[in-house]
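S.K.: Below is a structure I'd like to ask you about.
The values are calculated or read from the model by the stated rules, or taken from the named source; none is laboratory data. Computed from a predicted model, the values in this text were never measured in an experiment. FYI the Cβ positions are ideal-geometry reconstructions off the backbone, even for glycines, and counts take in every protein chain you see. Side chains included, ligands, DNA and RNA excluded: accessible areas come from the protein's heavy atoms. Shrake-Rupley method; radii C 1.70, N 1.55, O 1.52, S 1.80 Å.
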Number of protein chains: 2
Amino acid sequence: MATKLAKKMAKKNAFYAQSGGVTAVINASACGVIETARKNKDRIGKVYAGRNGIIGALTEDLIDTSKESARDIAALRYTPSGAFGSCRYKLKGLEENRAEYERLIEVFAAHNIGYFFYNGGGDSADTCLKVSQLSQTLGYPLQAIHVPKTVDNDLPITDNCPGFGSVAKYVAVSIREAGFDVASMAKTSTKIFVMEVMGRHAGWIAAAGGLAAENEGDAPHIILFPEVVFEEEKFLAKVKSSVDKNGYCAIVVSEGVRNKEGQFLAEAGTRDAFGHAQLGGVAPVVAQLIKDKLGYKYHWAVADYLQRAARHIASKADVEQAYAVGKAAVEMALAGKNSVMPAIKRTSDKPYRWKIVEADLSKVANVEKMMPANFITKDGFHITAKCRAYLQPLIQGEDYPPYKKGLPQYVTLKNVAVKKKLEKPFTVK
Amino acid sequence: MATKLAKKMAKKNAFYAQSGGVTAVINASACGVIETARKNKDRIGKVYAGRNGIIGALTEDLIDTSKESARDIAALRYTPSGAFGSCRYKLKGLEENRAEYERLIEVFAAHNIGYFFYNGGGDSADTCLKVSQLSQTLGYPLQAIHVPKTVDNDLPITDNCPGFGSVAKYVAVSIREAGFDVASMAKTSTKIFVMEVMGRHAGWIAAAGGLAAENEGDAPHIILFPEVVFEEEKFLAKVKSSVDKNGYCAIVVSEGVRNKEGQFLAEAGTRDAFGHAQLGGVAPVVAQLIKDKLGYKYHWAVADYLQRAARHIASKADVEQAYAVGKAAVEMALAGKNSVMPAIKRTSDKPYRWKIVEADLSKVANVEKMMPANFITKDGFHITAKCRAYLQPLIQGEDYPPYKKGLPQYVTLKNVAVKKKLEKPFTVK
């Protein structure tokens with residue numbers, strides 16, 4: 001018995017958590033982590049997931065993923081959202097809130113956790129970096145690996161971010177379809193269609209809409225990027241010329257578009273936990289402006305969560321990469337790595353080829369990758385051939401979920417709680 | 001030669017036009033009409049399509065569909081929108097605008113048109129009925145057949161309307177996906193998701209969202225129907241109880257929801273060509289109300305055209321029925337019918353079976369089918385089992401379009417104009 005326990009203690013458990021806004025494929029990463037850990041049972045014990053992200057670690061609210069069937073874990077590959085719950089919660093620096101880090105160590109020690117897999121974007125990479133330094137600063141042996149995820153596609157080093165390709169595909173498909181619709185109606189009715197998409201600071205998602213315009217005259221005719229200052233007159237002239245030429249005008253607008261005073265066109269005034277402004281509703285603002293100044297009848301859509309949850313039209317490339325980074329994260333852990341992130345490296349455009357490489361987490365955290373200037377056309381309203389060459393492979397392929405009674409059959413896990421071992425509760429501020 | 005011409009004249013041409021708001025499958029009906037006419041070349045000459053609907057007939061702007069390849073016509077089956085252009089234009093009564101009807105006859109006579117296929121909703125059925133009476137009133141031999149189409153599902157007699165099933169599927173899939181997303185975020189962030197859908201007077205589309213809620217606690221938790229007067233306090237209490245119970249609340253709201261004064265919650269103030277109020281933006285109104293009164297963080301989406309153009313997630317049953325009514329319309333014409341509409345008759349719920357029957361157009365025009373009262377739960381916030389049994393088969397099956405480079409390959413026809421034969425132009429008011 002004693003030997004068995006010793007052996008079990010030597011074999012460390014893993015902690016996995018999802019952080020920030022979820023995506024259509026973050027669960028595919030979870031699937032990659034868990035399935036790969038299960039294949040290495042001789043070296044990794046259980047995978048404990050944080051219920052609602054890192055908060056689950058702080059409050060010792062852990063989920064025992066070993067209670068889930070192989071079939072349900074496999075179903076994560078085609079289930080959108082965060083199966084264990086996510087959170088918007090950024091750990092402060094070690095100096096500012098040492099108690100939080102000490103608590104993490106306490107929970108990890110109580111559950112014999114030696115691997116920390118954190119699945120998130122830029123803010124989460126920063127948290128993961130801090131945790132990766134704990135073995136040095138607080139003397140607890142822990143390997144922290146960041147698993148990249150963000151629809152914003154703004155992480156550095158990696159060629160692209162899992163989660164982005166599927167939003168990109170949704171946006172390109174949607175504006176193509178809506179473009180066809182408006183073209184039909186334009187003669188006597190709607191001439192303008194405005195679709196608002198996500199992307200606070202970087203225009204990656206808006207740019208993806210541009211993929212739908214493969215031929216002269218195709219929708220979208222105008223893309224409004226956060227990188228380009230919104231100039232009303234120039235914009236209206238472009239709208240008018242599109243209507244004159246094509247009979248209609250389809251527009252993709254990023255929620256992050258600003259005027260020359262630096263204000264968001266539609267500032268809601270509220271802020272999220274990371275201090276970012278919560279946006280929404282720039283589409284009606286742009287549509288109304290066109291109506292007031294040019295008199296065209298309009299329709300507008302705000303895709304919001306629909307775009308990042310749209311697993312039904314996920315990009316196959318994206319699903320595969322999301323799984324691959326999860327798998328690679330576990331392999332890196334097994335190779336003894338700490339403070340790294342599996343990154344995607346493109347090795348060929350045509351045919352599209354990629355591989356997973358190792359990125360130093362200190363070079364990832366707190367760096368936001370913007371769109372290169374040469375990805376936007378000179379007039380500021382569309383994407384260049386260079387941008388298209390970059391984006392196109394990321395939306396490639398379909399990966400349909402199974403359906404029953406006309407609806408996709410996404411899995412809801414049992415999410416069985418791990419028995420708490422610590423007596424004192426911890427309150428997350 | 002003379003005999004050949006006489007033979008050609010005896011073989012009448014057909015006119016086909018798309019009317020009103022387009023759908024994901026109206027082109028599947030066009031495909032059914034054209035392919036069936038082509039199979040009966042011995043009896044039907046060419047199919048001329050009206051460019052931009054009935055306006056194309058009035059202005060003698062006809063499209064010669066015989067110039068399109070069999071392959072391109074087949075591609076209409078999976079191409080959303082109206083391939084020949086649609087319009088929002090309602091013919092007045094014969095007494096009020098005799099000139100329009102005389103012009104139609106003039107154009108039809110000039111192009112030897114003996115069959116009139118009008119593909120639209122309730123207003124279009126009325127136009128089609130008026131045209132069907134022309135052979136009697138103006139002495140021109142013409143058979144007018146209405147081909148049903150409307151996302152609103154509000155035509156009488158037919159069990160359901162082609163176009164509706166695909167919107168229904170889009171809405172059910174979308175709210176399921178967004179529901180999963182919000183559930184992940186609810187602990188520390190968004191607790192409320194509001195999705196606005198179409199449906200001015202009838203709540204069919206909103207009801208379809210209810211299909212996603214298969215099990216206790218599933219999204220959507222609340223549906224706001226145009227049939228149910230919006231009561232703020234009752235609604236807020238329901239939102240709060242959902243958040244208390246499930247941690248979050250996903251809401252589907254119809255654009256047509258009204259308060260007890262009979263006003264739309266979000267009245268834009270503009271009206272379309274049929275005199276209907278143009279709506280939009282009730283989702284942000286509902287979301288803000290919840291924020292103000294209950295303090296929950298929210299997200300909202302307005303699907304707008306995306307829902308009715310979403311051919312990528314069309315219902316297979318819907319595509320098949322859309323094709324079938326197009327095919328049946330031609331067959332009815334060949335059987336000598338006039339003033340009829342192919343209608344869908346459900347013969348079995350489980351398994352779902354249906355057939356095409358003939359409906360008298362005079363019983364279709366100007367009758368709006370509302371949701372039966374027993375389709376809405378007593379509290380007014382969800383659908384009943386009866387409603388589910390009706391709706392479920394309509395979203396059944398997937399019918400994916402072909403993809404290339406990650407995007408659906410929809411067809412754009414050549415739309416070659418038929419040479420004009422009349423000298424005087426006609427101005428549409």
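S.K.: When you scan segment A:166-215, how many residues do you find that are assigned to a loop (DSSP other than H, G, I, E, B), touching a Lys or Arg at 6+ places or on another chain (Cβ under 9 Å) and either without any contact (Cβ under 8 Å) to a residue 24 or more places away in the chain or on the phi > 0 side of the Ramachandran plot (or both)?
M.R.: Counting residues in segment A:166-215 that are assigned to a loop (DSSP other than H, G, I, E, B), touching a Lys or Arg at 6+ places or on another chain (Cβ under 9 Å) and either without any contact (Cβ under 8 Å) to a residue 24 or more places away in the chain or on the phi > 0 side of the Ramachandran plot (or both) gives 2.
S.K.: Sticking with this one: Test of understanding: among B:A183, B:A213, which residue is open to solvent by 40 Å² or more (accessible area, probe 1.4 Å), within 14 Å of chain A (Cβ to nearest Cβ) and out of contact with any helix residue (DSSP H, G or I) (no Cβ under 7 Å at 6 or more places or on another chain)?
M.R.: Answer to the selection: B:A183.
S.K.: Something else now. Out of segment A:294-307, which residues are at the interface with another protein chain (Cβ under 7 Å from one of its Cβ atoms) and of a type in the set (F, W, Y)?
M.R.: Those that are at the interface with another protein chain (Cβ under 7 Å from one of its Cβ atoms) and of a type in the set (F, W, Y): A:W300, A:Y305.
S.K.: Another question about this same structure. Given the structure, is B:A365 open to solvent by less than 70 Å² (accessible area, probe 1.4 Å), at pLDDT below 95, at negative phi and of a type in the set (G, A, S)?
M.R.: Yes: the conditions hold for B:A365.
S.K.: Quick one: in segment A:225-239, which of the residues that are among the hydrophobic types (A, V, I, L, M, F, W, C) and assigned to a helix (DSSP H, G or I) is most open to solvent (accessible area, probe 1.4 Å)?
M.R.: Ranking the candidates gives A:A237 first.
S.K.: Taking the stated definitions as given, is B:A322 away from chain A (no Cβ under 12 Å), free of Cβ contacts under 8 Å to residues at least 24 places away in the same chain and of a type outside the set (S, T, Y)?
M.R.: Considered against the rule, which asks whether it is away from chain A (no Cβ under 12 Å), free of Cβ contacts under 8 Å to residues at least 24 places away in the same chain and of a type outside the set (S, T, Y), B:A322 comes out as no.
S.K.: If you go through segment B:24-37 one residue at a time, do you hit one that is open to solvent by less than 50 Å² (accessible area, probe 1.4 Å), in contact with a Pro (Cβ under 7 Å, 6 or more places away or on another chain) and β-branched (V, I, T)?
M.R.: So far as segment B:24-37 goes, yes, one or more of its residues are open to solvent by less than 50 Å² (accessible area, probe 1.4 Å), in contact with a Pro (Cβ under 7 Å, 6 or more places away or on another chain) and β-branched (V, I, T).
Matching residues to (1) open to solvent by 10 Å² or more (accessible area, probe 1.4 Å); (2) more than 14 Å from every other protein chain (Cβ to nearest Cβ); (3) on the phi < 0 side of the Ramachandran plot:
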position: A:R88; (1), (2), (3): yes, no, yes
position: A:Y115; (1), (2), (3): yes, yes, yes
position: A:L129; (1), (2), (3): yes, yes, yes
position: A:Q136; (1), (2), (3): yes, yes, yes
position: A:I145; (1), (2), (3): no, yes, yes
position: A:N153; (1), (2), (3): no, yes, no
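S.K.: Condition (residue is touching a residue at least 12 places away in the same chain (Cβ under 8 Å), within 11 Å of chain A (Cβ to nearest Cβ) and under 18 Å from B:S124 (Cα atoms)) applied to segment B:25-40: is it met by at least one residue?
M.R.: Taking every residue of segment B:25-40 in turn, at least one turns out to be touching a residue at least 12 places away in the same chain (Cβ under 8 Å), within 11 Å of chain A (Cβ to nearest Cβ) and under 18 Å from B:S124 (Cα atoms).
S.K.: Can you tell me which residue is farthest from A:R311 (Cα to Cα) among those in segment B:155-174 that are within 11 Å of another protein chain (Cβ to nearest Cβ) and not hydroxyl-bearing (S, T, Y)?
M.R.: So, considering only residues that are within 11 Å of another protein chain (Cβ to nearest Cβ) and not hydroxyl-bearing (S, T, Y), the one farthest from A:R311 (Cα to Cα) is B:G165.
S.K.: Still on this structure, I have one more. Quick one: in segment B:90-107, of everything that is open to solvent by 10 Å² or more (accessible area, probe 1.4 Å) and of a type in the set (A, V, I, L, M), which residue is nearest to the other protein chains (Cβ to nearest Cβ)?
M.R.: B:A99
S.K.: Of the residues B:L58, B:L76, which single one is within 14 Å of B:N119 (Cβ to Cβ) and buried (at least 18 other Cβ atoms within 10 Å of the Cβ)?
M.R.: That would be B:L76, the only listed residue that is within 14 Å of B:N119 (Cβ to Cβ) and buried (at least 18 other Cβ atoms within 10 Å of the Cβ).
S.K.: Moving on. Which ones in segment A:113-165 are closer than 30 Å to A:A208 by Cα and β-branched (V, I, T)?
M.R.: Residues satisfying the conditions are A:T127, A:I145, A:V147, A:T150, A:V151, A:I157, A:T158.
S.K.: Can you tell which of B:A333, B:A287, B:A310, B:A283 is crowded, with 20+ Cβ neighbours inside 10 Å, in contact with a helix residue (DSSP H, G or I) (Cβ under 8 Å, 6 or more places away or on another chain) and either more than 13 Å from chain A (Cβ to nearest Cβ) or at pLDDT 90 or above (or both)?
M.R.: Of the residues listed, the single one that is crowded, with 20+ Cβ neighbours inside 10 Å, in contact with a helix residue (DSSP H, G or I) (Cβ under 8 Å, 6 or more places away or on another chain) and either more than 13 Å from chain A (Cβ to nearest Cβ) or at pLDDT 90 or above (or both) is B:A310.
S.K.: Among the residues in segment A:341-351, are any touching a Gly at 6+ places or on another chain (Cβ under 8 Å) and of a type in the set (D, E, K, R)?
M.R.: Looking through segment A:341-351, none of the residues is touching a Gly at 6+ places or on another chain (Cβ under 8 Å) and of a type in the set (D, E, K, R).
S.K.: Pull out all pairs, ordered by first then second residue, where Cβ-Cβ is under 7 Å, the residues are six or more apart or on different chains, the first lies in segment A:385-410 and is at the interface with another protein chain (Cβ under 10 Å from one of its Cβ atoms), and the second is among the acidic types (D, E).
M.R.: Sorted first by the residue in segment A:385-410, then by its partner, the pairs are A:P393/A:D349; A:L394/A:D318; A:Y403/B:E398.
S.K.: Report yes if B:R258 is open to solvent by 10 Å² or more (accessible area, probe 1.4 Å) and under 30 Å from B:T79 (Cβ atoms), otherwise no.
M.R.: Spelling it out, it is not the case that B:R258 is open to solvent by 10 Å² or more (accessible area, probe 1.4 Å) and under 30 Å from B:T79 (Cβ atoms).
Conditions tested, residue by residue: (1) open to solvent by 50 Å² or more (accessible area, probe 1.4 Å); (2) of a type in the set (G, A, S); (3) more than 30 Å from B:P401 (Cα to Cα).
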| site | (1), (2), (3) |
| --- | --- |
| A:A343 | no, yes, yes |
| A:R346 | no, no, no |
| A:T384 | no, no, no |
| A:L394 | no, no, no |
| A:V411 | no, no, no |
| A:K420 | yes, no, yes |
| A:K424 | yes, no, yes |
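S.K.: Let me ask you something else. Name the one entry in A:V167, A:V194 that is under 22 Å from B:A83 (Cα atoms) and either among the aromatic types (F, W, Y) or open to solvent by less than 10 Å² (accessible area, probe 1.4 Å) (or both).
M.R.: Only one candidate qualifies: A:V194.
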